[in-house]
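As structure tokens, the structure follows; a few thoughts come after it.
The values are calculated or read from the model by the stated rules, or taken from the named source; none is laboratory data. Since we're looking at a predicted model, the values are computed, not measured. No Cβ is skipped: glycine too gets one built from the backbone with ideal geometry, and neighbour counts run over all protein chains shown.
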């Protein structure tokens, strides 16, 4: 009887040992493995389920950010996230067992993947600067001889003033003003242009 009890206890303990490691950290992959800064990377994390399916894990992106995940009957893996890196560099993504939302940590060692992030596309010029270039060319053509541009075109608004001798004939037709600017003129002072 003691032998049967001992054998039963040994089998039971072995069974608990399997249950304790029924879910193992499987793998983590990144696609594509090389991207430009600002482009998304698809990260896929898997759990190997031996028996039972109930454990938690975390994915660390290598830039100080992470995502928690878990595997159970309602949420089988793969666990897929998308991540965007802001700066160029080589980042190591890791996946390891963690207690997440009452799920015990998945067993096994951490898994790793590498992502290389290259320089991204140069940022577009601010809208005001883009708008100012056409405004500058409009001001230059509006200030045709004998008129001259007084100072500079306002880079933010596109406002400008053309000047000439007092009582110089004003342009005909009158130039249009960009955006929300309003046309003005003063023949006595020899001025016209566009202002807010």
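Data overview
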| quantity | calculated |
| --- | --- |
| Residue in segment 176-195 that is modelled with the lowest pLDDT, counting only those that are part of a loop (DSSP other than H, G, I, E, B) and on the phi > 0 side of the Ramachandran plot | 179 |
| Matching residues in segment 66-107 - criterion: being assigned to a loop (DSSP other than H, G, I, E, B) and more than 18 Å from residue 31 (Cβ to Cβ) | 73, 74, 76, 86, 87, 88, 98, 99, 101, 102, 104, 106 |
| Residues within segment 145-175 that are without any contact (Cβ under 8 Å) to a residue 24 or more places away in the chain, in a loop (DSSP other than H, G, I, E, B) and in contact with a helix residue (DSSP H, G or I) (Cβ under 8 Å, 6 or more places away or on another chain), tallied | 2 |
| Extreme residue, nearest to residue 114 (Cα to Cα), among residues of segment 22-52 that are in contact (Cβ under 8 Å) with a residue 40 or more places away in the chain and surrounded by fewer than 15 Cβ atoms within 10 Å (Cβ to Cβ) | 33 |
| Segment 152-167, subset more than 11 Å from residue 195 (Cβ to Cβ), modelled with pLDDT of 85 or more and out of contact with any strand residue (DSSP E or B) (no Cβ under 6 Å at 6 or more places or on another chain), residue surrounded by the fewest Cβ atoms within 10 Å (Cβ to Cβ) | 165 |
